[in-house]
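The values are calculated or read from the model by the stated rules, or taken from the named source; none is laboratory data. These numbers come from a predicted model, not from an experiment. Cβ sites come from the backbone with ideal geometry, for glycine too, and all protein chains shown count toward neighbours. When the accessible area is computed, the model is the full protein with side chains, heavy atoms only, and any ligands, DNA or RNA have been set aside. Shrake-Rupley method; radii C 1.70, N 1.55, O 1.52, S 1.80 Å.
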Amino acid sequence: MKILEDFSNIFTRYDLNIEVARQEARKVSKDATLQTVADAVVVGETEECEAATKAALAAKSPMEVINDGLIPGMNEVSRLWDEGVYFLPQVILASDAMNAGIALCEEKMGKAMDKKGKVVTHTAEGDIHDIGQVIVNALLNANGFEVVNLGADVPVDKVVEACRVNNPVMVTGTALMTTTMTAFPKIAAQLKRLGLNIPFVCGGGAVSEEYVTSFELGIWGKEANQAPGMAEDALAGDNWNDMRSKWNG
Amino acid sequence: MKLSSQMAYKSADEMMFGTAKKPVTTKRGIVLGGGHVVPEVVPHPRPGSEKTMKTLLREYERANGDALERCVIVGHPILQIENEHVFQMTHNPKWGGEIAAQTAKQMDEYLEKYGLKASYRATPADLRKPDMVNMRDSDYTREVLESFKECAKYADVVSIESMGGKEVFDHAIIRNDIAGLLFGQAVLGGRDMEWMWTQIVDICKKNNCIPGGDTNCSEANTAMFMAGGFISKDVPHTMAALSRAICVSRTLVAYECGATGPTKDCAYEDPIIKSITGVPISSEGKTSACAHSDLCGNVIAAVCDLWSNEAVEYHDMFGATTTAVFAEILGYDAAAMNAAIELGYQKEFQACLVNSDMYRGPHGFMLAPQNAWLIGKAVVDNNESLYARGKAAAVKCGELMLGDPKLKLTAFERESLQGYMKDMEKLPAKEEDFIDMCLKKYANVKGFDPAAYGL
C-alpha cells in the first residue's frame, strides 16, 4: 500500500505544537524531612510516602506532616496538572500516596483530620458507568473534601436521604446514558421540597448543559477536573445560581 | 475452550472492506461480508421514552421506521439496524423482545412492499457491574440471559458489551498500571466472556439467531475516550493503544465460543479480530461523531463489512429525524466503498482511508490493516493463555509504535510507552504466576471477587 511521506495537508498534530516543556517540581519545604514527604507525593509513590511520613512523624506532629509536607506536595501536583505537565494518572497516584500518609498521621492523632466539607457523589439509577465519578471522588479527596461516595446505580431516594443526613456543600451526579440522567431532575425536585438547596453538579457522557440547566439546583459539569473548583465555590457560600452563572452559559 | 492458533488471512494485503473469509447470511438474505459493505444504523431513544414499554415501543417504531423509510427514499438497497438496549429494556426482558418483534415486522413489511433487505441486531445491556453484583449469580445476570432469549426469537443478530474485569480495569487505567489492564481485560474479561458466550451461543442455536460478537467498550473504549483528542490530559494515547491491543485477547473469546460475527460496531479492535477469525466486522469512525469523538475517522473503515454510527439519539434535524439522516449518510458511505469494489478500485480506496488517519494518532496507527495483522499474528503465536496473548499483543503494539518514525509521539507519550514496555518485561511469563501476583495486588480493589471469574 502506498503511504504518504508528508501528512501536513491531511491533519495537524496540535498536541505536538502545544507540548508543555518539562518542569521540575518546586521545593515546598525548607525542612528536609518534610520535603521528602512532599517529594514522595509528587512522584506518586505510596510506599515511599508511607516510609517518609513515618520518618517525619518521629520528629514532627501529625498536623505538621499533613500541612507542611503532604498537602503542599499535593498542591504542587495540582499545579503541574493545571499547567499541562502532569496527566490524570499522575494526579491519582499522588492522591493515593497522600492518602496513605494522611492515614498514618490520623492513626497517630487517634482521630480523622478535619476536612473542608462534605460532597455527596453518585452515578444515576440504572447507570453503571461510574469511572467519571471515580475520578471526581479522587480529585475531591485530593483537594481536602470528604467524599460521601454512594457508588453507581443509586436510586433517587437514596441520594436525597444521603443529602439530608450529611448536609453536604455540594452533590454530584454522573450518567453516561440520556435515559438514566432523567433521575437528576427528580433528585433536584425532592431536595427542593425538603428545603435542601444544595448545588447539584451533573455531568458525564451524554449529559448536556441544556438539560442540566433546565431544572433548579442543576449545574452542568463539563469535565471531572472542574469538581474541586466547584466544591470550593460551594464551600465559600456560592448558591446554585451563582455557580451556574460562573460555570455554565 | 481452544485459543486461536492461526490467522484467517495470510497477510494484511488480503484484507479488504466488504469481504470476509467467513460471511454470514441474515434471515432476509443479506450476506454480511459477502462482497459489499452494509450500513448499520443505531437509533437511541430520547430521555423520557423509557418510562413504559408502550412509550418505548412507539419511540423505536418511529426511530427504526424512519431509517428504513429513508433507505427507500434515497435508494439504499440494504440496511442493518441495531438497538443497543437502554437499562429498562434488559431489566424488563419482555420489553427488548417486544421491540425486536416489532422491528422484525417492520422489516418484513419493507421487504414485501419495496424489496428493501434489512436485518436487526439486538444488543442487551450488560447490567452486571462487577463490583456491585456477582457476575455469575445475580438478578441482573439472569435478566441479561433472559433478555437474550427474548430477543433471539426475532432478531437476526445478538451482541453484547460485556463487563468482565471492569472493576480492576477502572482501578488500573487511572494509575498507569499496565499489569492491571492485562489482568482486568485479558484474564478476567476473557474468563467472564467464556462463561457468558457459551450460553449466548447456545441460546442462538435454539432460536435460529446469529451470535454476533462482543466489544471491549467498557474498557478499551473508556481508555480511548479518556485519551481523547489532542488537548486531553487524562490518559496517554499510547496506553489507550496498548489497552486496545490487550483487549483482543478477551474479545476473541466470543468467536472461540462459537460467535460468527457480524462483530459489534464499537469494538475498535475488530480489524485485528478479522485478521485472526475471518468473521465479518462492523466498524465505526467518522460517522460515530454523533456519539463520541475518535481519531480513527476513515482508517477504521479499511476492512469493515458493516459501517456504523455507534448510536444517535432520536430527534429532529433540518433534514429529517436523526435516524433517517444517519441511515442516509451511512448508506452513501457504503455506496462509495461498494462502487470502488465494483470498479476494481478497492485497493486505491482503501489506501485513501488508511492514509487519512494511520498517523493521526496511536489508535489509527495500530488499527491500520498492516499493523492490525501483525498484532493478530502476535496473538495467535502466543496462545498459551489469555494473559500470554494479551501481553504479546501489547508488546507488539508498543514495538510498532516505537519503531515507526512517521508516528509522532509527544515526549510524554513516548516516555510513558517506554515505561509500560519496561513494566511488561518484568511481568511473570506464566499465567498462573501472573494471576497469583494479581490476586494479591488487587485484593483490595473495591468489589473484586475472584470467585466470580472462577478463580
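Loop-located trypsin sites (Lys or Arg not before Pro) across region B:353-455 with a Cβ neighbour count of 11 or fewer within 10 Å are B:426, with loop assigned by DSSP. Any chance you could check region B:346-394 for residues losing 50 Å² or more of accessible area when the partner protein chains are in, compared with the chain on its own (1.4 Å probe)? The answer is B:355, B:359, B:360 - residues whose exposure falls by at least 50 Å² when every protein chain is included.
The alpha carbon radius of gyration of region B:318-455, expressed as a multiple of 2.2 N^0.38 Å, is 1.47. Taking amide H as placed 1.01 Å from N in the peptide plane, the amide H of residue B:162 sits under 5 Å from that of B:215, each at least 5 places away or on another chain.
Counting only protein heavy atoms and a 1.4 Å probe, chain B has 33 square angstrom of accessible area per residue. Counting only DSSP beta bridges whose two residues both lie in the protein assembly as shown, roughly 15 percent are antiparallel. Loop sites by DSSP among the chymotrypsin sites (Phe, Trp or Tyr not before Pro) of chain B, restricted to those with at most 15 other Cβ atoms within 10 angstrom, leave B:1-317 as the longest stretch without any of them.
For residue B:308, nonlocal amide neighbours, meaning residues 5 or more places apart or on other chains whose placed amide H falls under 5 Å from its own, are B:40, B:283, B:284, B:285.
Each listed q (0.15 Å⁻¹) maps to a log10 I(q)/I(0) for region A:23-109 from the Debye sum over equal C-alpha point scatterers, namely -0.44. Placing a label point 7 Å from the Cα of residue A:112 along the Cα-to-Cβ line, the residues of region A:123-159 whose backbone N sits under 12 Å from it are A:145-149. Computed from backbone phi, the HN-Hα couplings of region A:175-191 come to 8, 8, 9, 5, 7, 9, 5, 5, 6, 4, x, 5, 4, 4, 5, 5, 4 Hz, rounded to whole numbers (Karplus: 6.51 cos²θ - 1.76 cosθ + 1.60, θ = phi - 60°; Gly and Pro given as x). Equivalent-ellipsoid semi-axes for region B:159-233 (Cα gyration tensor, √(5λ), whole Å, largest first): 29, 15, 6. The 3J(HN,Hα) values that the Karplus relation (6.51, -1.76, 1.60; θ = phi - 60°) gives for region A:33-42 are, in residue order, 5, 5, 5, 5, 4, 4, 4, 5, 5, 4 Hz. Gly and Pro appear as x.
Taking only alpha carbon atoms, chain B gives an Rg to Rh ratio of 0.95, where Rh is the Kirkwood radius.
Dipole magnitude for region B:12-453: computed about the Cα centre from +1 point charges on Lys and Arg Cβ and -1 point charges on Asp and Glu Cβ, it is near 180 debye. Shape index of region B:200-317: Rg/Rh, with Rg the Cα radius of gyration and Rh the Kirkwood radius from the inverse mean 1/r over Cα pairs, equals 1.00. Separation of region B:117-181 and region A:60-128, taken as the distance between their Cα centroids, equals 33 angstrom.
Longest segment of chain A with no GluC sites (Glu not before Pro) in a DSSP loop having at most 16 other Cβ atoms within 10 Å? The longest such stretch corresponds to A:84-215.
In chain A, a dipole from Cβ-located charges (positive for Lys and Arg, negative for Asp and Glu) runs towards its positive end, and of A:180, A:99, A:57 it is A:180 whose Cα lies farthest in that direction.
Compute the Cα gyration tensor for region A:35-185, then decide on rounded, prolate or oblate, letting a ≥ b ≥ c be the square roots of its eigenvalues: rounded whenever a/c is under 1.5, prolate when a/b is larger than b/c in the other cases, and oblate in all that remain. Prolate, since a/c reaches 1.5 and a/b exceeds b/c. The distance separating the Cα centre of region A:1-38 from that of region A:183-222 comes to 36 Å.
Rounded to the nearest 20 debye, the dipole size of the protein assembly as shown about its Cα centre is 660 debye, using +1 on the Cβ of Lys and Arg and -1 on the Cβ of Asp and Glu. Bridge orientation summary for chain B: considering DSSP beta bridges with both residues in this region, about 20 percent are antiparallel.
Ordering B:353, B:67, B:454 by the projection of their Cα atoms onto the charge dipole of chain B, which places +1 on the Cβ of Lys and Arg and -1 on the Cβ of Asp and Glu, puts B:454 at the extreme positive end. Total buried accessible area between A and B, probe 1.4 Å, nearest 100: 4000 Å². For region A:118-247, the convex hull drawn through the C-alpha positions has a volume of 82 cubic angstrom per residue.
When the C-alpha to C-alpha distance is required to be over 27 Å, the pairs from B:347/B:422; A:115/A:222; B:264/B:440; B:396/B:430; B:105/B:347; B:51/B:149 that qualify are B:347/B:422; B:264/B:440; B:105/B:347. The relative contact order of region A:23-109, computed from alpha carbon pairs under 8 Å that lie at least 6 residues apart in sequence, is 41 percent.
Taking all Cα pairs closer than 8 Å and separated by 6 or more residues, the relative contact order of chain B comes to 21 percent. Note on residue B:105 and residue B:315: with the Förster distance fixed at 25 Å, the Cβ-Cβ geometry gives a FRET efficiency of about 0.55. When the solvent-accessible area of the protein assembly as shown is split by element, carbon and sulfur atoms take up 51 percent of it, the probe being 1.4 Å.
Since only B:193, B:165, B:182 are under comparison, the one whose Cα sits farthest along the positive direction of the charge dipole of region B:124-202, derived from C-beta charges on Lys, Arg, Asp and Glu, is B:182. Taking every residue in A:123-132 and counting other chain Cβ atoms within 10 Å of its Cβ, the average works out to 5.
Based on the Stokes-Einstein relation at 25 °C and a viscosity of 0.890 mPa s, and on the Kirkwood radius from alpha carbon pairs, the protein assembly as shown is assigned a translational diffusion coefficient of 94 µm²/s. Among the trypsin sites (Lys or Arg not before Pro) in region A:1-44, those placed in a DSSP loop whose Cβ has at most 12 other Cβ atoms within 10 Å are A:2, A:22, A:26, A:27, A:30.
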